[in-house]
Amino acid sequence: MRNRVNASQYALLISPRIVSRGDSIFPHGTLTIRTVHLDGEKISTPMDASFNGLVFACQWDENIPDQPTYSWKTFYREVWKIERTDAEKMFKMLRKVNRLSSSKSARTFGEYVAVVAKALKIKLALREIDHSTPRLSYNFNEYVHVKNSEVANVIDEIVGKIRSSAVKSARA
């Protein structure tokens, strides 16, 4: 009997705080979208190796604000200790994502995330709207549910705001 993963328990966590900004040496910014586990209203790290640490990321050049994002990718973060069976599940997931992303055409990073998430049967998305502490903890933040049809727009809007704030601050 094979263990099947219930992907409906997983969600995209869209947070404008999971950004890295470029500097004069490495002028590339990135936005990362995490995958989380939902149990009612409780948000936690996914338990299944296929989703644990699975993230979507894009990159942009801080010096060229009109250039589209690039280097859209799906990968596992903070993989410092994994068992063989987990590695096999992760490899299968990445192979599936690679097949999906090469067969679909997305014009924006938001569309890329939406297409891949839908194919992985991730049916939920949460957008962080408020955080009470500077800590990156699920427990101290407020989230709103994002409709599947709006995931791409929400992500692209966040990328746009982040990038335009960099341009404004650079010109000030």
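With a Förster radius of 41 Å, plug the Cβ-Cβ distance of LYS42 and GLN67 into 1/(1 + (r/R0)^6) and report the FRET value to the nearest 0.05. Before the final figure, lay out each step's value.
On the way: r = 40 Å, r/R0 = 0.96.
Step by step, r from the Cβ atoms, then E = 0.55.
Once R0 is set to 30 Å, what does the formula 1/(1 + (r/R0)^6) return for the Cβ-Cβ distance between SER164 and ARG77, expressed as a FRET efficiency to the nearest 0.05? Before the final figure, lay out the partial values.
On the way: r = 26 Å, r/R0 = 0.88.
Efficiency computed from Cβ-Cβ geometry: 0.70.
Which of the pairs LYS92/LYS161; LYS89/LYS121; LYS42/LYS89 have their Cα atoms more than 27 Å apart in this structure? List each step's numbers first, then the result.
Working: LYS92/LYS161 34 Å; LYS89/LYS121 16 Å; LYS42/LYS89 25 Å.
Check vs 27 Å cut-off fails for LYS92/LYS161.
At 1.4 Å probe radius, can you tell me the per residue accessible area of segment 1-81 in Å²? Let's see the in-between values first.
Numbers: 4720 Å² over 81 residues.
Value returned for segment 1-81: 58 Å² of accessible area per residue.
I want to check the label-to-label distance for GLU157 and LYS121. Put each point 7 Å from Cα in the C-beta direction and report it in nm to one decimal.
Reported label-point gap for GLU157 and LYS121 is 3.0 nm.
Which value, in debye to the nearest 20, describes the size of the charge dipole of segment 62-112 about its Cα centre when Lys and Arg Cβ atoms bear +1, Asp and Glu Cβ atoms bear -1, and nothing else is charged? It would help to have the intermediate numbers written out before the result.
On the way: 11 positive and 7 negative charges, 80 e Å.
Here segment 62-112 has a charge dipole of around 380 debye.
So, taking all protein chains as they sit and a 1.4 Å probe, how much accessible area belongs to VAL146, in Å² rounded to tens?
20
Please label the shape of segment 53-106 as rounded, prolate or oblate, based on the square roots a ≥ b ≥ c of the eigenvalues of the alpha-carbon gyration tensor (a/c under 1.5 means rounded; beyond that, a/b larger than b/c means prolate, else oblate). Intermediate values should be presented prior to the final figure.
Working: a/c = 5.53, a/b = 1.74, b/c = 3.18.
Because a/c hits 1.5 or more and a/b fails to exceed b/c, segment 53-106 counts as oblate.
The values are calculated or read from the model by the stated rules, or taken from the named source; none is laboratory data. Not measured: the values here are computed from a predicted model. Backbone-built Cβ (ideal geometry, glycine too); neighbour counts: all protein chains shown. Ligands, DNA and RNA are stripped out before the accessible areas are found, and what is left, the full protein with its side chains, is counted by its heavy atoms. Shrake-Rupley method; radii C 1.70, N 1.55, O 1.52, S 1.80 Å.
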